[in-house]
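The structure appears below as structure tokens.
The values are calculated or read from the model by the stated rules, or taken from the named source; none is laboratory data. The model shown is predicted, which means the values in this text are computed figures rather than measured ones. Cβ atoms come from the backbone with ideal geometry, glycine included; neighbour counts cover every protein chain shown. When the accessible area is computed, the model is the full protein with side chains, heavy atoms only, and any ligands, DNA or RNA have been set aside. Shrake-Rupley method; radii C 1.70, N 1.55, O 1.52, S 1.80 Å.
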Amino acid sequence: MEMQQDSLQISEEIEVNIQNLYQYFHSSDDVRSREFTMQSLKGSLLYLSTITDTDKLQSDILKPLLQSGEGRLEDVLPILDVELVTDLKSAATGMLQGKCAILLEQRMDIVLVDASAKVAHSVGESQNEQTIRGSHVGFVDDVYINGQLVHQRLKNVNLVERHFTLGSESPTNVKLLYMCDIADMKVVDDIIANLLTNQATFIKSGGQITDRLEGSHLSPFPQLLFTERPDTTVSHLMEGRIALLIDGSSFATILPVTFFMFFQAADDFNARWWNGTFFRILRLISVMIGIALPSVYISIVSNHFDILPIDLVFSLKASLENIPFNPLMEAMFMITVLELLREAAIRLPKSIAATLSIVGGLVIGSEVVNANLVSTTMIVVISLTAVASFSLPSHEMRLAIRLISFPIMIASAMLGFAGIAFSFSFLFMHLSKLETFGVPYFYPFTPFEPRRILTTLVQLPKRIFGSKAPDRRAS
């Protein structure tokens, strides 16, 4: 809601001005004030704690004010950048830039002085969401630095912060960020209620907090989006979603989410729309490859050899000779080996992990074929499946895709193509029923909205199709 015009004007009462500034920022928890007395006049400092240097505020602003004798307020401050404004909107705009607003009795203006905090040089680079042309700044483990990174990119009075301290034995700081003018306040209230009911005495990791926010713990699909990019977080905030920053975690948690949000990458919006559309569709195809390719191969070899051309039948028969296991056992064995190699590469140092990849890809892959444990065609199928799953931007969605492929492979080995059809029917039924904080997970297909399907699957150029207001349910 917009403030009334009267509340934008500076009042003769300093308490009224302070209250109006708090209301202008929607009583966000990062708006702080400090009262002082200067030459028998009552004054107050207002600033945003997230983007203000408190040491500079205390030494360069508050201390000179308290020690001042006679003279104007502007003359006692040892700061070059001093600005006078005559309305609260300009004062709020300055505060969003890291400035401190000084209010003093008997004055119909507000003094703005620079006290902005510089983001620490220890800010890291995004490791899991790398981009070619976009920003290379990533979140760190400090929740306050992460808050600065968000405010640095989103200077808006509607950005509201809510601070929480969880864990009685070892307090953990948590920040909840949302745009109060476009976010669903019912979802915000539900998240706050969930956080306040967390009675854990010790927070081991951020996952202990985020796991409580999932609507269905039995679903294999991720219901929270994790990002280590401040620009991606700001983009989701401007689409009406909510971000959760946890001390000790270098990721922001975005909610509520939809299924198709997990297939968007930062490079999609930095490249031309043709390229962004191509790679987004390619990721959707990779999902189908990751889920269905091993199952289709097992189904063909086990039950439906007659659908293949005769030349391909001879080729497959030749590769399957002397293999003692059925196709399902082959696929299970190779996927297990692949997961073991992936897990070992994550846990080992990077220098050794590179060697392990060569050993796993060349030595193990070739020797299992020479030992007649796995057919060459199965090696190709599992390799394509692995590459397809690795192309997804979200680590949680990659794990879900690999997990889902196991029961579908079993169904295809037992019932052939009918098993695959039944499996996908159950899969789509589950996606259609799943919700995250009241938002349909499979939107815009459920509920079906044709106008949103095209913008979800294809990155359209705004210059041609125009920009529309963000839909908080859309991906």
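Here is how the numbers come out for the structure above:
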quantity: Mean accessible surface per residue for the chain, computed with a 1.4 Å probe while every protein chain stays in place, in Å²; calculated: 50
quantity: Virtual spin-label span in nm between residue 322 and residue 105, 7 Å along Cα→Cβ; calculated: 9.9
quantity: Residue-averaged 222 nm ellipticity for the chain, from DSSP H runs of 4+ at -39500 (n - 2.57), nearest 500; calculated: -13000 deg cm²/dmol
quantity: Gyration tensor (alpha-carbon) shape descriptor, the stretch 67-139, a/c threshold 1.5; calculated: prolate
quantity: Between the stretch 404-435 and the stretch 307-361, the Cα center-to-center distance that results, in Å; calculated: 23
quantity: Rounded percent of accessible protein surface that carbon and sulfur make up, the chain, 1.4 Å probe; calculated: 58
quantity: q = 0.23 Å⁻¹, the stretch 296-381: log10 I(q)/I(0) [Debye, one scatterer per Cα]; calculated: -1.09
quantity: Extension gain, residue 337 back to residue 29 (0.36 nm per residue minus Cα-Cα distance, nm); calculated: 105.9 nm
quantity: Residue-span extension gain [residue 238 to residue 36] - 0.36 nm each, minus C-alpha spacing; calculated: 69.0 nm
quantity: Debye log10 I(q)/I(0) at q = 0.10, 0.14, 0.19 Å⁻¹ for the stretch 200-350, Cα point scatterers; calculated: -0.62, -0.99, -1.27
quantity: Length added when fully stretched, residue 431-residue 193, from 0.36 nm per residue minus Cα-Cα; calculated: 83.1 nm
quantity: Value of D in µm² per second that Stokes-Einstein yields for the chain, Kirkwood Rh from Cα pairs, at 25 °C (0.890 mPa s); calculated: 94
quantity: Cβ-defined net charge surrounding residue 373, 10 Å radius [Lys, Arg +1; Asp, Glu -1]; calculated: -2
quantity: Restricting the stretch 79-173 to trypsin sites (Lys or Arg not before Pro) in coil, as DSSP defines it, with at most 11 other Cβ within 10 Å; calculated: 118, 133
quantity: Qualifying chymotrypsin sites (Phe, Trp or Tyr not before Pro) in the stretch 128-172, DSSP loop, other Cβ atoms within 10 Å at most 14; calculated: none
quantity: Note, ³J(HN,Hα) from phi for the stretch 203-216, Karplus 6.51, -1.76, 1.60, rounded to Hz, x at Gly and Pro; calculated: 9, 6, 7, x, x, 5, 8, 6, 4, 6, 8, 6, x, 10
quantity: Radius of gyration, Dmax [the stretch 16-86; alpha carbons; angstrom]; calculated: 12.9, 36
quantity: DSSP-assigned coil residues among trypsin sites (Lys or Arg not before Pro) in the stretch 228-284, each with at most 15 further Cβ atoms within 10 Å; calculated: 272
quantity: Pair residue 417, residue 364: separation of 7 Å Cα→Cβ label points (nm); calculated: 3.5
quantity: At R0 = 60 Å, FRET efficiency that the Cβ-Cβ distance of residue 70 and residue 354 yields, to 0.05; calculated: 0.30
